[in-house]
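Undergrad: Have a look at this one.
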Amino acid sequence: MSSPVSTPVVLNRTSGDRDANQPQETTQQEIGLDATTTVNRGEADESAVDSRLGAHASRIQRVGQTLPFSDERHLQAHQWLVDEAYVLDAQDYERWLELLTDDIHYLMPVRVTTARGAGYDCAPGMAHFDENKYSLNRRVARFQTEHAWTEDPPSRLRHYVTNVRTFATDDPDHLVVDSAVLLYRSRGDVREPAVISAGREDLLRRTADVGQWRLARRTILVDDAVLRTQNLAIFL
């Protein structure tokens, strides 16, 4: 069995080129997450995470009930997620960066196991990913160097996206989209494959220049407190 990833980074770190499982030596800021702040329940509380790299991100939230599956906006959002999954499967990360807005915030908090009445289920101030456009660009650039030994040879990836729900916002050029993602990852010939299950809340923005949807915010809540994969040299 591959060694689990158990060294998340600390929020409020400075951006830079590093491995996803490399610890970040930064003072942890005491913050809290409400127990209802979960992707599955569709409540991304912008005050729940104090992130330096996410301070610029859009705070637009969902309004009303889920859009009907026949709604054109839902169909467009669903197709966008499926198309993105194929880009990630192919590890065409340069193309993936083109699908992101310049003010993207990409966040994956660390899940923890707590008592039912604890009031939180994410580690305060800790994240596996806490990224903006610059830091995501640096990650992708590193993949293309000889130092990216964690992905040479590359993993074989398959992103399964399901349970898609779309919500309108107060701005017609923004949609909030919930989804479930299952990542199957196989690397080499002898190691057991890794599986990561997660829920995601995305904010999609329709760009004014070309009228295409772009990812402006993504919050990922994994379903494991300890990730049973060697590293996080992938994207969800």
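Read-outs throughout are calculated quantities, based only on the coordinates presented, and are distinct from any laboratory measurement. A quick note: this is a predicted structure, and the numbers were derived from the prediction, not measured. Ideal geometry is used to build each Cβ from the backbone, glycine not excepted, and the neighbour counts take in all protein chains shown.
Undergrad: Once phi is turned into θ = phi - 60°, what whole-Hz ³J(HN,Hα) does the Karplus curve with 6.51, -1.76 and 1.60 give for every residue of the range 132-144, x standing for Gly and Pro?
TA: Along the range 132-144, the couplings run 10, 5, 5, 5, 5, 4, 5, 4, 5, 4, 5, 4, 8 Hz.
Undergrad: Between Val140 and Arg156, 0.36 nm times their residue separation minus their Cα-Cα distance comes to what? Display every interim value, and only then the final one.
TA: On the way: separation 16, 0.36 × 16 = 5.76 nm, distance 1.70 nm.
Gain in length upon complete extension: 4.1 nm.
Undergrad: What does the charge count near Tyr86 come to, summing +1 for each Lys or Arg and -1 for each Asp or Glu among other residues with Cβ under 15 Å from its Cβ?
TA: Values: positive: Arg95, Arg156, Arg158; negative: Asp83, Glu84, Asp89, Asp92, Glu94, Glu98.
Residues close to Tyr86 contribute a combined charge of -3.
Undergrad: For the range 91-201, compute Rh as the Kirkwood radius over C-alpha pairs and then the Stokes-Einstein diffusion coefficient at 37 °C and 0.692 mPa s; write the answer in µm²/s, rounded to an integer. Please list the in-between numbers first.
TA: Numbers: Rh = 16.9 Å.
So the translational diffusion coefficient is about 194 µm²/s.
Undergrad: Which of the GluC sites (Glu not before Pro) found in the range 95-188 are in a DSSP loop and have at most 12 neighbouring Cβ atoms, other than their own, within 10 Å? Could the numbers behind the result be given before it?
TA: Numbers: sites: Glu98, Glu131, Glu146, Glu151; in loops: Glu146.
For GluC sites (Glu not before Pro) across the range 95-188 that sit outside H, G, I, E and B with at most 12 neighbouring Cβ atoms in 10 Å, the list reads Glu146.
Undergrad: Each residue of the range 217-228 in order: what ³J(HN,Hα) in whole Hz does its phi give by Karplus 6.51 cos²θ - 1.76 cosθ + 1.60, θ = phi - 60°, with x for Gly and Pro?
TA: 7, 9, 10, 10, 10, 6, 9, 10, 6, 10, 7, 8
Undergrad: Starting from the Cα of Glu98, step 7 Å toward the Cβ, then list every residue of the range 177-212 with an amide N under 19 Å from that point.
TA: 205-212
Undergrad: Skipping prolines and chain starts, which residues have an amide H placed within reach, meaning under 5 Å, of the one on Cys122, given they are 5 or more residues away or on another chain?
TA: Answer set, sorted by chain and number: Val112.
Undergrad: Could I ask something else about it? Quick one: Karplus J couplings for the range 73-82, per residue in order, coefficients 6.51, -1.76, 1.60, θ = phi - 60°, nearest Hz, x for Gly and Pro?
TA: Per residue, the Karplus-derived 3J(HN,Hα) values read 5, 5, 4, 5, 5, 5, 5, 4, 5, 5 Hz.
Undergrad: To make sure I understand, if each residue's beta carbon is the centre and we count other beta carbons within 10 Å, what order do Thr162, Thr169 fall in, fewest to most? Can you show the working numbers first?
TA: Working: Thr162 9, Thr169 18.
Least to most surrounded, the residues fall as Thr162, Thr169.
Undergrad: Sticking with this structure for a sec: Pulled fully out, how much extra length does the chain show between Gln212 and Ser70, if you take 0.36 nm times their separation in residues and subtract their Cα-Cα distance? Don't skip to the answer; put the middle values down first.
TA: Details: separation 142, 0.36 × 142 = 51.12 nm, distance 1.96 nm.
So the chain would gain 49.2 nm between Gln212 and Ser70.
Undergrad: Got a sec? How would Met108, Met126 order by Cβ neighbour count within 10 Å, fewest to most? Working shown, then result.
TA: On the way: Met108 25, Met126 18.
Least crowded to most crowded, the residues run Met126, Met108.
Undergrad: How much FRET efficiency would the formula 1/(1 + (r/R0)^6) give for Ala90 and Thr114, where r is the Cβ-Cβ distance and R0 is 41 Å, rounded to 0.05? Please report the intermediate quantities before stating the final value.
TA: On the way: r = 38 Å, r/R0 = 0.92.
Once the sixth-power term is evaluated, E becomes 0.60.
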